[in-house]
Amino acid sequence: MLLFIPTLIGLTVIVFTLLHIGGTTKLLAMYLSPRLTGAARAHVIAELDAKFHLNQPVYVQYFYWLIQILEGNWGITNTPLYSGPVTQAIEIFFPNTLILTIFAAIIIWLVSIPLGVHTAVNRDKPSDNTIRVASLTFYAMPWYLIGVVLIIIFAVYFRVLPIAGTVNPSLVSGLPWYHNGISYPTHILLIDALLHGDFGVAWNAFLHLIMPSVTLSLGVMAALIRLMRGTMLETMDQDFVNFARAKGVPEKVVINLHAKNNALLPVVTNFGYLVAGLLGGVVVIEDVFSYPGIGMWLTSAMLNNDMGGIMGGTLLFGLILVTTSLFLDILYAKIDPRIRY
Amino acid sequence: MSAQKTAKEARYRELKLSMEVFFSNKSAVAGLIIFLFYFFDAIILQFFPQVMPFKHPYSLTPNYVNPIPLPPSKKFPFGTTYPGVNLLTAIIKSIRLDFWLSLAVVVPGAFLGVIIGIVATYFGGLVDEVLMRITDIVFSIPYLVLAIAIGYVLGRTLNSMMIALILVWWPLYARYARSITLEVKEITFIEAARAAGSSKMKIMFRHILPNSLPPVFVQMSLDLGTIMLAISALAFIGFLPAANLPELGYLTSLGYNYVETAPWAMIIPGMFIVLFALAVNLMGDGFRDVIDPRRRSAL
Amino acid sequence: MMENRKHDSSPIVKIENLHLHYYTRRGVYKALNGVNLEIRRGEVLGVAGESGCGKSTLGRAIMGIIPRNAAIVEGKIIVDGVDYLKPLREYFKRAKKFKPTKNQDLLKKVNEEMSKVRGQKISMVFQEPMTTLNPLLTVGYQISEALFYHNPGLLASRRLARARATKEDTKNIVKILKEEGEGERFRQYLKNRNIMGLEDQIISIWRRRELHDLKKEQMILDLCCEPISSMARGYLEQIEKTNLLPKFSKLPIVGRIVKREILKEAYKKSAEFLGLLGIPDPDKVVYMYPHELSGGQRQRIVITTAMINNPNLVILDEPTSALDVTIQAQILELVKELKEKINSTYMFISHDLSVLSEVSDRIAIMYAGQIVEIGPRSAIFNSPKHPYTQMLMEAIPTIEAHELKAIKGEVPDMRNPPKGCMFYPRCPYAMPICKEKRPQLFKVGEDHYVACYLYGGEKK
């Protein structure tokens, strides 16, 4: 838990270093709107100079930059998707990404733990082999390809699921709580529609979420099933599992209580990597499904050489991951009585 | 003399057992065979491009006369993709680039990571602590995102993609090497070497390094696939602005706009990425069985 | 009870010509090669041998806890008249090629079937107390499990008795105890009042030595009038009658209440039992996690868990080997005490003959997956017959000066053991026949058998 702060500082140092490779122009690019020209531009540059103390040594600049970041001044992004302050872009795009990852995480948890246990218990049997082959195939598949295959099957062939976006635009046009592709108050269309009692829109938004979240979950799920199977096999060889058997505890309880809970410990410690995988997947998958979230914003920033978007996205993802791992540490301490903070 | 002979025999027996273990795993053998196909493709195109009937072995040949993707036919066994690129030849060319690129990321990444990991564990204390924090920090950014950020700073080219991925990948190996080294460090013969007064450097590189290499090799073979996936993902989202580069991810992205009318344009090049990642994974699992004493003996 | 057991002269466990082989990539590891053994009711059977001789495998095979690559090639283990490993043996006979997955399926069935016997009639203590307990569960829960799955009736009746008993009852009980102790009248009273569930609770308090009488009286007086929710009461009464757990998942809320009541009672019973074994602060210990306890304490917990249902047979698989010498002595004391308190049968596996000499009635010596000598303790120690046993005796360190002799040679490679006597390559008295044929057990004295051609068979 104590590692939380140094990791955060390290994260900002990395982003700051990237901003500073090749001088301060990149830092300026992050805060300077490219539309400004002439005297106005020079004026803003002078202002920034005063704010960031650009004539001082780099480490001094770092602290001024850090203060700006802490104050919520994350610069300006200018992409076809959105142009304006980075923090506002995050406010718009992040809720979409959040609901997507939460959906995916739920699917992953619900499917991969039972499957991992099942494959370990039925080791080397047909069902184990099938699941292993399937999960390995998904593991070896680039995310966008999973997405494309799903699109071809469900959107092109069966025509049951929509391909792109968050909602069918004709459904939401003219709604009082929806303008410019942004819904209010939470910015998560599904929840907003439910809040306003518009179940037609909610259902449509849900349909739009299915394919991206399933795609996202499939790639990560494969890794988790493999991990769970491995730790489960290891745990089932342990003495305490045999001792539980020797006590005459029914086999079901031996597996589900004694073996599974212990096998989950390494899975929980590795869950941070899985969240990292999810966030990485978001970048690709949102692109495939034209789903307006942080990932799509980030790729669009990359294609348009937009410093604010890239660094804002990097910082945001870093923050999310560091916080998640903090929560995971706390969770781990809750599960494992041997660890007490 | 006889002791030497028996030692040799024992080593031979171990080797034979290793082969048996590997070859009894059919999927690992299949993985190896597929891997070899990719490997020879890469070797031939890299060093003997004249063998192949390609005019431009290192770039795609578009055909703007007929840019719309065509379905597989006799002339184009895998069909074509936008803009009129013959998928079969494009894939053969792409495999070369992807293969060497993966190798160019994995080998230096592993080398850097292993050296740093071993040094850190061996010295322990503050060095180790600092290293672990650095890896923590690198891990705290999803690698695709970090690669994008680095790519922006260095310019989005093939080389910067490689550098970005190496920078993202070495901490993985540093951690991995660290965990192995911690195990190996305790093994008695290293104690013995220390007691016998070998220098630290010598212990590290003579004793610890060779013992941590096999698991690292397994990890590397698994990572070849992961890196190829990462490269193709980066290429797919448009990391490489230069068109005409024969790269599987880029090739896949060419067909994206035609996914409804010409699914093969994405599926077929995509399949070749999957095939490679699958093959190295199966192969790596086979290798892992070989070096893991527990799996080695269990049935 | 005791009389009954004495009369029943059939052995608890009978092992006939048991062959157990492990199938591995490096070959077939022949762990047990024709073990013949009887464990008689009420005895302590010591099993000794070098590491790798198959003594632990034997113990686990009796429990049916064997890995999936273990094949029962031949022979049977009859526990309480039932041959549990039969499906495995039949599978091996039937199968052309041994497949661990198939074996595992059958093993699962064996596990299910044996789960009624394990922990109840036979139980086992493992070697390594540090890994035998589940790190994520409280010690109390792990002891309670054995009670929960085998003796829910007892738990329910204990709980119900506390609800049924009135203040009047407990006062009367204290009076009776003071006058006559825990005799027939005490029991009669409990029976008449339908509060038999109080018996062991009261006795466990009454027998505690470290408490003042007044304190004990107070504690007994407190064992009354504990209300139960009326919903749970019916189920508890049903459990008391049938000694079977209802399907908790089918009773949404009540199920949870009943389960919690029973588990709580199991914790109480566990704490009482720990108190009887002289573990300080048992009420606190049951809520601790294994990592908070020392190795010796953990082993005591494991032994408690194995003993809590008064099993007929306890298999102790090197219970002291992983512990410090002082703790070893304590654990041995504990085992001896248990032997006196609880009338059950013990199989004590150890590589340490001096440990066995302290506790066992009969001793079996194992070598390379076979019993080479078996007999009463005195016979084994005073007149060891088998050359291997003789060598083992010479290898025991004693306080008096004597020449320690290591046994020359090594245990044979169990992947292709010698065709004849397993000990032949190391035996100083080896004869030609030893190389050809494996010796059977020959009688050499009162209840004393040796597998060696020096004492019988076709001597040449």
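Just a few scattered comments:
- When the Cα convex hull of the range C:139-283 is projected onto planes of every orientation, the mean area is 8.8 nm².
- Charge dipole (debye, nearest 20) of the range C:139-283; +1 at Cβ of Lys and Arg, -1 at Cβ of Asp and Glu: 480 debye
- Span-rule helices in chain A, defined as complete DSSP H runs reaching 20 Å or more along the axis (Cα) with Kyte mean at least 0.5: A:4-20, A:86-121, A:199-236, A:271-288, A:307-335
- Taking each residue as 0.36 nm, the span from residue C:416 to residue C:249 lengthens on full extension beyond its C-alpha to C-alpha distance by 55.0 nm.
- Shielded residues, the range C:117-141 - accessible-area loss of 20 Å² or more between chain alone and all protein chains, probe 1.4 Å: C:118, C:124, C:126, C:131, C:132, C:134, C:135, C:136, C:137
- In this calculation the C-beta distance from residue C:10 to residue B:33 is compared with R0 = 45 Å, giving a FRET efficiency of 0.15.
- Buried on assembly, the range B:141-166 (at least 20 Å² less accessible surface than by itself, 1.4 Å probe): B:141, B:142, B:144, B:145, B:146, B:148, B:149, B:152, B:153, B:156
- Computed over protein heavy atoms with a 1.4 Å probe, the carbon and sulfur contribution to the accessible area of the range C:139-283 reaches 52%.
- Cross-link pairs A:260/A:334; B:8/C:408; C:30/C:55 - those with Cα-Cα distance over 22 Å: B:8/C:408
- Exposed chymotrypsin sites (Phe, Trp or Tyr not before Pro) absent: longest stretch of chain C, with sites in DSSP loops and at most 14 other Cβ within 10 Å deemed exposed: C:1-286
- In order along the range B:82-98, the Karplus-derived 3J(HN,Hα) couplings, from 6.51 cos²θ - 1.76 cosθ + 1.60 at θ = phi - 60°, round to 5, x, x, 7, 5, 5, 4, 5, 4, 5, 4, 5, 5, 4, 4, 5, 4 Hz, and Gly and Pro are given as x.
- Anisotropy class of the range B:1-139 from Cα gyration tensor, a/c 1.5 cut: oblate
- Across all C-alpha atoms in the range A:4-73, the radius of gyration and Dmax reach 12.8, 44 Å.
- Distance in nm between pseudo-label sites at residue A:13 and residue C:210 (7 Å out along the Cβ direction from Cα): 5.4 nm
- Probe 1.4 Å - accessible area at residue C:421, Å² to nearest ten: 20 Å²
- Where labels lie 7 Å past Cα in the beta-carbon direction, separation of residue A:37 and residue A:5 in nm: 4.9 nm
- Between residue B:127 and residue B:111, the simple spin-label model (points 7 angstrom out along Cα→Cβ) gives 2.1 nm.
- Mean projected area in nm² (Cα convex hull; one quarter of hull surface) for the range C:156-212: 3.9 nm²
- Note on chain C: Kirkwood radius taken over Cα pairs, Stokes-Einstein applied at 10 °C and 1.306 mPa s, translational D equal to 65 µm² s⁻¹.
- Listed by chain and number, the lysines whose C-alpha is less than 18 Å from the C-alpha of residue C:250, apart from same-chain residues fewer than 8 away, are A:252, C:259.
- Derived scalar couplings ³J(HN,Hα) [the range C:274-280; Karplus, 6.51 cos²θ - 1.76 cosθ + 1.60; whole Hz; x for Gly, Pro]: 4, x, 4, 7, x, 8, x
- Buried accessible area, chains B and A (both chains, 1.4 Å probe, Å² to nearest 100): 4100 Å²
- Partner lysines for residue A:247 [C-alpha distance under 17 Å; skip if fewer than 8 residues away on the same chain]: C:108, C:109, C:116, C:121, C:269
- Dividing the summed -39500 (n - 2.57) terms of all DSSP H runs of n ≥ 4 by the residue count of chain B sets its mean residue ellipticity at 222 nm at -24500 deg cm²/dmol.
- Global geometry of the range A:128-199, whether rounded, prolate or oblate, following the gyration tensor of its Cα atoms and the 1.5 cut on a/c: prolate
- Dipole moment magnitude, nearest 20 debye, the range B:112-254 about Cα centre, only Lys, Arg, Asp, Glu C-beta charged: 300 debye
- Cβ-derived FRET efficiency at R0 60 Å, residue A:338 paired with residue C:442, nearest 0.05: 0.65
- MRE, 222 nm, helices only [DSSP H, n ≥ 4, -39500 (n - 2.57), over chain C, to nearest 500]: -13000 deg cm²/dmol
- Residue-averaged 222 nm ellipticity for chain A, from DSSP H runs of 4+ at -39500 (n - 2.57), nearest 500: -22500 deg cm²/dmol
- Residues in the range C:277-292 that, when all protein chains are in place, have 50 Å² or more less accessible area than the chain alone would give (probe 1.4 Å): C:291
- Estimated from the Cβ-Cβ distance and a Förster radius of 41 angstrom, the FRET efficiency linking residue B:200 and residue C:342 is about 0.10.
- Computed on the Cα trace of the protein assembly as shown, the radius of gyration divided by the Kirkwood hydrodynamic radius gives Rg/Rh = 1.04.
- Local charge for residue C:150 was computed over the other residues whose Cβ lies under 10 Å away, with Lys and Arg +1 and Asp and Glu -1, and equals +3.
- Dipole magnitude for the protein assembly as shown: about 2780 debye, using +1 per Lys or Arg Cβ and -1 per Asp or Glu Cβ, origin at the Cα centre.
- P(r), alpha carbons of the range A:87-340 - 5 Å bins starting at zero, rounded %: 1, 6, 11, 14, 16, 15, 12, 10, 7, 5, 3, 1, 0, 0
- Chain B - Rg and Dmax from Cα coordinates, angstrom: 22.7, 76
- Accessible surface of residue C:333 - all protein chains present, 1.4 Å probe, nearest 10 Å²: 100 Å²
- Interface A-C: total buried accessible area of about 2700 Å², 1.4 Å probe, protein heavy atoms only.
- Rounded to whole Hz, the Karplus (6.51, -1.76, 1.60) HN-Hα couplings of the range C:200-210, x for glycine and proline: 5, 5, 5, 4, 5, 6, 4, 7, 5, 8, 7
- By the rule of a second cysteine Cβ within less than 4.7 angstrom, the protein assembly as shown holds isolated cysteines at C:53, C:427, C:452.
- Once the 1.4 Å probe is applied to the protein heavy atoms, the protein assembly as shown comes out at 45 Å² accessible per residue.
- Cα gyration tensor shape for the range A:191-341, rounded if a/c is under 1.5, else prolate or oblate: prolate
The values are calculated or read from the model by the stated rules, or taken from the named source; none is laboratory data. Just so we're clear, the structure is a prediction, and the values are computed from it rather than from any experiment. Please note: Cβ atoms are built from the backbone with ideal geometry, for glycine as well, and neighbour counts cover all protein chains shown. For accessibility, only protein heavy atoms count, side chains too; no ligands or nucleic acids. Shrake-Rupley method; radii C 1.70, N 1.55, O 1.52, S 1.80 Å.
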